[in-house]
Amino acid sequence: MTDVLPVIDMEPLFDGSDERIYVAAEIAAACEAHGFFYLVGHRIPPDILRDLGVESRRFFALPEAEKMAIAMSRGGRAWRGYFPVGGELTSGRPDLKEGLYLGTELAADHPRVRAGMPLHGANLWSARPAGLQRAATGYIRAATAAAAALMEGVSLSLGLTPDYFARTYSGDPTVLFRIFHYPARSPAKVDWRESWGVAEHTDYGLLTLLAQDRHGGLQVKTPGGWIEAPPIEGALVCNIGDMLERLSGGRFRSTPHRVRNVSGQDRLSFPLFFDPDFQAPMRPLPIAAVDTARIDVDRAERWDRASVHSFEGTYGDYLLGKVAKVFPHLIETALGAEGT
């Protein structure tokens, strides 16, 4: 039988009802089995998603020179802006996608911006289309609220108080948002052994909320092999990241995934990363224990032969180490010595 990802209705997490405990149990089962699941009841209005898709397509249809006016090289330490097809690496391979990097909007006088903290600052916006900033900002706000509510469910799923993660790891969460465009390609003209929309990888932080258009292409690695995660109308895809695996002592798994765009159509996807505070130490939960055997198993199972359980430091340390591999041509000029 083909493995499928579960669908979880997160609505009870917003109102504090007793039904939260049942949602938490579903979250625990999904995170232990797949590290991936669909979310409904997320309270992101359909018109926000619709407008985001319309405005994003208008942006990517602009001439390359106009998009490059807000290139990531202009974003400085905030690490925001546009990159062209092939401008981002995953597992050392150029991705067959272009994209726009956004995040929490911080003014120049914000303490973290004044301190020069990497990945904090202002977004870069193109003059056209005029509606993209409004649509993207509205989506970031709604998706961040959904992610915060979901993290309360994650806390409950681990037998903790609902506010445990917010108090301990994500009081000031690192919220990053991406708008990705995968140009249409003919399967007959692409060697998929070498070229992917996005190659096999895991996400870095706590959890990712993904909205995708109707064309699909996301694949998830399971014990039985790779499975498709096709779009479901009105649902988001959620997956957990490396640091939630580390914090849970390996009980919840950060599952490898990839994208292969073979529909013959352009594809859009909208991942929002809801991650720990940049300065939070990534120490496992008191209830989590990881032994050397778990670290060895982790290294053997991962494609990169690394282990999230051997990491020591803050989330910012972990994130910058990953960013340096994604955009090696920008890391020195944009982030300086802290990004090496």
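A few comments on the model shown:
- Note on region 126-135: residues that are more than 30 Å from Val40 (Cβ to Cβ) and either at pLDDT below 95 or surrounded by fewer than 18 Cβ atoms within 10 Å (Cβ to Cβ) (or both) amount to 3.
- Test: Thr208 is touching a Pro at 6+ places or on another chain (Cβ under 9 Å), within 25 Å of Ala300 (Cα to Cα), modelled with pLDDT of 95 or more and not aliphatic (A, V, I, L, M): yes
- Val4 vs. criteria outside any helix (DSSP H, G or I), out of contact with any Ser or Thr (no Cβ under 6 Å at 6 or more places or on another chain) and within 26 Å of Met151 (Cβ to Cβ): yes
- The single condition from (1) buried (at least 23 other Cβ atoms within 10 Å of the Cβ); (2) in a strand (DSSP E or B); (3) out of contact with any helix residue (DSSP H, G or I) (no Cβ under 6 Å at 6 or more places or on another chain) that Ala199 fails is (1).
- Region 279-298, subset assigned to a loop (DSSP other than H, G, I, E, B) and small (Gly, Ala, Ser), residue modelled with the highest pLDDT: Ala280
- Residue list for region 239-249, restricted to those being out of contact with any Leu (no Cβ under 6 Å at 6 or more places or on another chain), buried (at least 21 other Cβ atoms within 10 Å of the Cβ) and part of a loop (DSSP other than H, G, I, E, B): Ser248
- Considering each residue of region 124-133 in turn, at least one proves to be in contact with a Gly (Cβ under 7 Å, 6 or more places away or on another chain), without any contact (Cβ under 8 Å) to a residue 60 or more places away in the chain, under 26 Å from Val54 (Cα atoms) and part of a loop (DSSP other than H, G, I, E, B).
- Scan of region 209-238 for residues that are assigned to a strand (DSSP E or B) and touching a helix residue (DSSP H, G or I) at 6+ places or on another chain (Cβ under 9 Å), ordered by number: Leu209, Ala211, Thr222, Leu236, Cys238
- Exactly one residue among Gly138, Gly171 is surrounded by fewer than 16 Cβ atoms within 10 Å (Cβ to Cβ) and within 20 Å of the chain's Cα centre (by Cα), and that residue is Gly171.
- For beta carbons closer than 7 Å, sequence separation of 6+ or different chains, a first residue in region 310-325 that is touching a residue at least 60 places away in the same chain (Cβ under 8 Å) and a second that is surrounded by 15 or more Cβ atoms within 10 Å (Cβ to Cβ) and part of a helix (DSSP H, G or I), the qualifying pairs are Phe311/Arg246; Phe311/Tyr318; Tyr315/Met243; Tyr318/Met243; Leu320/Leu335; Leu320/Gly339; Val323/Ile331; Val323/Gly339.
- Evaluation of Tyr139 against (1) within 17 Å of Ala78 (Cα to Cα); (2) out of contact with any Gly (no Cβ under 6 Å at 6 or more places or on another chain) (one fails), failing number: (1)
- Top-ranked residue in region 1-28 [being closer than 22 Å to Leu244 by Cβ and among the small types (Gly, Ala, Ser); ranked as surrounded by the fewest Cβ atoms within 10 Å (Cβ to Cβ)]: Ala25
The values are calculated or read from the model by the stated rules, or taken from the named source; none is laboratory data. Quick caveat: nothing in here was measured; it's all calculated off a predicted structure. Virtual Cβ from ideal backbone geometry, glycine too; neighbours counted across all protein chains shown.
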